[in-house]
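All remarks here apply to the structure that follows.
The values are calculated or read from the model by the stated rules, or taken from the named source; none is laboratory data. Because the structure is predicted, anything quoted here is derived from the model rather than measured. No Cβ is skipped: glycine too gets one built from the backbone with ideal geometry, and neighbour counts run over all protein chains shown.
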């Protein structure tokens, strides 16, 4: 829901919020770096101060003499340290840090207080890095450590008895971290408040600047809504700047020009479609009319062909009296008349042929009769010729015999 609410805000407000967050993050990072640097510096300063304090405590006690352990008593020179708070209190008074003298690991002189406000005499050093550094490594420990449950900056320095070269105790100085780092806490709150104010002021300034910069977007939005609703006559605001908003205005102008061109193309397309539709309808009408005419012509042709077929069939049967009397389209009247005229001429020709055939038959019969008569006479003549030939042969034989006799007589 928060995300949706953020996206419902105007872009200037969202950018201002983002700017505030960025400024806040930058301030927070700066504060964090500053605090870390200050913390490191304060810790180094604390440890440096403790080095002075441990030197002070060591010098105060060393002025009494060499440390030595006699039974359950710790001495510096001839002065007993157990229950003697003069040295530790002097360190606190001069340097402000707590101080303790341990006999072994037990506090025998200290101004470290327990929870009830009494001195922590008789309490022991807890096991840990400081304990190990002093008793195991025989080295000075410098660093943070908990004392009776509270964090301190500390220095633990072993007390070594020269005669036995043994660690017989510890010198301690420390500063409570809470007291020393109060400056850090104040710095944190000061920086947080300052950062918040900087982010707030920066956000307000950024919001005003962004609103001024984004103001043309309102008119652009209105123009785009009008364009989206189909109003291509919408006026596009002229933005003199050369930034991205001006580029957006130019782009909207291009969209408007494209919308106008699209509208013109659509109008032309509609007109073209209407013209095509009208042409199609006219063509379809012409096609239907042509098809109807072709159908009628086909019917007329079928009727004419049917009549011609009937007439030709009658002619094939020898009926020369048949005529096409049915009405035919004007285009085929000449064909009908020609058919009837042809049948008339054919009928006349046939009658003429019939008449001529009769005459030819009569002449043929006469010719046949003359031929028969001629045949008879020819037969008679042939018989006479046969007889003449026989006589001629006989005469030739007689002549031949006479001639032969003449040759023989000669």
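Points worth noting:
- Residue check for residue 145: buried (at least 16 other Cβ atoms within 10 Å of the Cβ), in contact with a strand residue (DSSP E or B) (Cβ under 6 Å, 6 or more places away or on another chain) and not in a strand (DSSP E or B): no
- Condition met for residue 231 (over 22 Å from residue 122 (Cβ atoms), under 43 Å from the mean Cα position of the chain (by Cα) and at pLDDT below 80): yes
- Filtered residues of the stretch 312-331 (kept if modelled with pLDDT under 75 and not in a loop (DSSP other than H, G, I, E, B)): 315, 331
- The stretch 82-106, residues that are touching a residue at least 60 places away in the same chain (Cβ under 8 Å) and buried (at least 16 other Cβ atoms within 10 Å of the Cβ): 91, 95, 97, 98, 99, 100, 101, 102, 103, 104, 105
- Residues satisfying the stated conditions in the stretch 168-179, i.e. in a strand (DSSP E or B) and farther than 13 Å from residue 66 by Cα: 170, 171, 172, 173, 174, 175, 176
- Residues satisfying the stated conditions in the stretch 47-76, i.e. assigned to a helix (DSSP H, G or I), within 17 Å of residue 160 (Cβ to Cβ) and out of contact with any helix residue (DSSP H, G or I) (no Cβ under 7 Å at 6 or more places or on another chain): 54, 55, 58, 59, 62
- Cross-chain or 6+ apart pairs with Cβ under 9 Å, the stretch 276-302 first and under 24 Å from residue 330 (Cβ atoms) and in the same structural domain as residue 332 (by TED's automatic domain parsing), then at pLDDT 80 or above and surrounded by 10 or more Cβ atoms within 10 Å (Cβ to Cβ): none
- Candidates 336, 345, 351: the one that is assigned to a helix (DSSP H, G or I), touching a residue at least 12 places away in the same chain (Cβ under 8 Å) and out of contact with any helix residue (DSSP H, G or I) (no Cβ under 6 Å at 6 or more places or on another chain) is 336.
- Flag if residue 156 is touching a helix residue (DSSP H, G or I) at 6+ places or on another chain (Cβ under 6 Å), at pLDDT 90 or above, in the same structural domain as residue 99 (by TED's automatic domain parsing) and more than 15 Å from residue 110 (Cβ to Cβ): no
- Any chance residue 134 is under 15 Å from residue 58 (Cβ atoms), out of contact with any helix residue (DSSP H, G or I) (no Cβ under 8 Å at 6 or more places or on another chain) and either surrounded by 12 or more Cβ atoms within 10 Å (Cβ to Cβ) or at pLDDT below 90 (or both): yes
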